[in-house]
Structure formats: C-alpha cells, structure tokens
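This report refers to the structure that appears directly beneath it.
The values are calculated or read from the model by the stated rules, or taken from the named source; none is laboratory data. Quantities reported herein were computed from a predicted structural model and do not represent experimental measurements. Virtual Cβ from ideal backbone geometry, glycine too; neighbours counted across all protein chains shown. The accessibility values were calculated without ligands, DNA or RNA, using every heavy atom of the protein model including side chains. Shrake-Rupley method; radii C 1.70, N 1.55, O 1.52, S 1.80 Å.
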Amino acid sequence: MHWAIAVAVVGLVVMGWWMQTIPKQPVGPRADAYNLHKSIGLAALLLMAVRLAWRASHRPPELPSLPLWQARAAVAVHLLLYALMFIAALSGYLGSATSGYPVKLFGWVLPSWAAAHDAVKDACSLVHLASNWLLVAAIGAHVAATIYHQWVLRDGLFWRMWPVGGRLRKRTVEARSAG
Ligand code: HEM
Ligand code: HEM
C-alpha cells in the first residue's frame, strides 16, 4: 500500500501541474486530463483509508536504535505525510463537488450532494494548492532521510517497507559489519 500510494501521489502532483497547462480549447483533452486526475485521486483516497485502518490495527516493527531526535523526526514526518495526503485528496474532492461540474470516477458519475458554491470551491482550491506544496516538501525530507539511512548510515532501513524486508535488511547490516 505504501508503494502504490507513493506512485499515485507523485504521479498526481506531476499531473496536477501539467494538466493546467493544457489549452482550454478544444475542451476535450483538458477535461479528460482533469477527470483522470480526479479518478486517480479518489482511488488513492480509498486506498489511503484502507491503509489507515490497516495501520491502526497493526503495530509496525520497532524502530532500529536511533538518536531520539531522529526517531521523533521520523514519527513527525510520517504523521505529516498521512495528514497532508488526506487534506490534499479531500480538498480536491470537496472543491470538485462544489464546482458545479459532475465528479466522475473512471467514467462513473458520482452522486452530486452539493450545489455549486464559488467561495467554497475557491477555498478548497487554495487548501489543495497549499497542502500539495507542503506534501512535496515533506516527501523531499522523507526521501532524503531514506537516502541518508541507505547510503550514509547503511542500516538497511529502506527494506523495512518491503514484504521480504527483514531478510534483506539483515543481509545489508551483515555486509556492512563484514566490510
Ligand atoms: C493525494 C491526492 C492528490 C494530489 C497529490 C493532487 C495534486 C494536485 C496538484 C499538485 C495540483 C496542481 C496545483 C493546484 O492547483 O492545486 C492539483 C490540481 C487539481 N486537483 Fe488534485 N490532487 C489530488 C487529489 C485530487 C482529487 C481527489 C481531486 C478531485 C476529485 C482533485 C482535483 C483537482 C483539481 C480540480 C485541480 C485543478 C486546480 C483546482 O481547481 O484546484 N485532486 N492537484
Ligand atoms: C521514493 C520514494 C519513497 C521512499 C524511498 C520511501 C521510503 C520509506 C521507508 C523506508 C519507510 C519506512 C520508515 C520506517 O522504517 O519506519 C517509509 C514510511 C512511510 N512513507 Fe515512504 N517512501 C517514499 C515515498 C513516500 C511517499 C510519496 C509518501 C506519501 C505521500 C510516503 C509516506 C510514508 C508514510 C506515511 C510512512 C510511515 C508508514 C507508517 O509507519 O505507517 N512515502 N517510507
């Protein structure tokens, strides 16, 4: 779930910027790109909800021994990533639901429950924009920390996020001790 959401979120950020450069005329290509962005964003939101439920009911393995500030920073950035992912996806959806255009999930028109409301739509767009910038910054810190663990500390922490990670991590730590 981590990697599926990571690919979706990075793709959505790139797509979000790119789709706004598509000319408004003719209408088709821009609308298609917006609809695809919304569909992938909603699918990611569903996956995030499943992930959150899974995470709440499953304890992750203990962190390796780290200086206290690093352990705290890791937890803080992870919480921030979870919060920003949800804020970005929900603000995107609420903005679209109040835009007056139908919201489609891969072609299937979702029930419309809100009337068009410009002020709400604009506020959601602002939250979407701000949360996306913060998300990009948090992902940058997150990936930089992973690179630091993998290539500087060489503690194999990266493998914690993979299904057979325990074995790969042990191999990395043994290779480091041997070399
Ligand atoms: C985690 C999920 C999402 C990410 C990372 C994401 C990312 C982005 C980015 C980077 C932009 C361009 C910057 C901006 O103008 O805000 C954008 C624009 C946009 N996104 Fe998303 N998005 C997500 C989910 C959604 C969802 C679920 C919807 C609607 C159902 C949506 C609808 C829009 C719309 C309509 C725009 C055009 C600008 C606006 O009207 O606010 N997005 N998105
Ligand atoms: C190339 C990109 C990425 C790499 C290399 C990466 C790597 C990792 C690693 C190694 C961990 C495990 C940390 C630990 O040992 O506890 C982790 C956790 C996490 N990652 Fe990523 N990540 C990437 C992209 C992303 C993206 C794009 C997001 C979200 C937008 C994200 C969200 C998270 C969250 C929320 C956790 C905490 C998981 C939990 O404990 O519940 N990651 N990541």
Under 20 Å from ILE5 (Cβ atoms) and away from ligand 1 (no atom under 14 Å from the Cβ): is that true of LEU157 in this structure? yes
Could you count how many residues in region 44-76 are within 25 Å of TYR93 (Cα to Cα) and open to solvent by 40 Å² or more (accessible area, probe 1.4 Å)? 9
From the set of residues in region 1-34 that are open to solvent by 40 Å² or more (accessible area, probe 1.4 Å) and near ligand 1 (Cβ under 10 Å from one of its atoms), which is nearest to ALA97 (Cα to Cα)? TYR34
Looking at (1) among the aliphatic types (A, V, I, L, M); (2) free of Cβ contacts under 8 Å to residues at least 40 places away in the same chain; (3) surrounded by 14 or more Cβ atoms within 10 Å (Cβ to Cβ), find the lone condition where LEU79 falls short. (3)
If you take the residues in region 41-63 that are assigned to a loop (DSSP other than H, G, I, E, B) and touching a helix residue (DSSP H, G or I) at 6+ places or on another chain (Cβ under 9 Å), which one is nearest to VAL13 (Cα to Cα)? PRO60
So which of LEU94, LEU84, LEU47, LEU66 ends up being farther than 16 Å from HIS128 by Cβ and within 15 Å of ligand 1 (Cβ to nearest atom)? LEU47
Report yes if ARG160 is open to solvent by 50 Å² or more (accessible area, probe 1.4 Å) and over 27 Å from VAL13 (Cα atoms), otherwise no. no
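This table checks each residue for (1) more than 16 Å from ligand 2 (Cβ to nearest atom); (2) part of a helix (DSSP H, G or I); (3) on the phi < 0 side of the Ramachandran plot; (4) open to solvent by 60 Å² or more (accessible area, probe 1.4 Å).
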position: ALA89; (1), (2), (3), (4): no, yes, yes, no
position: TYR93; (1), (2), (3), (4): yes, yes, yes, no
position: PRO102; (1), (2), (3), (4): yes, no, yes, yes
position: ALA116; (1), (2), (3), (4): yes, no, yes, yes
position: ASN132; (1), (2), (3), (4): no, yes, yes, no
position: VAL143; (1), (2), (3), (4): no, yes, yes, yes
position: VAL173; (1), (2), (3), (4): no, yes, yes, no
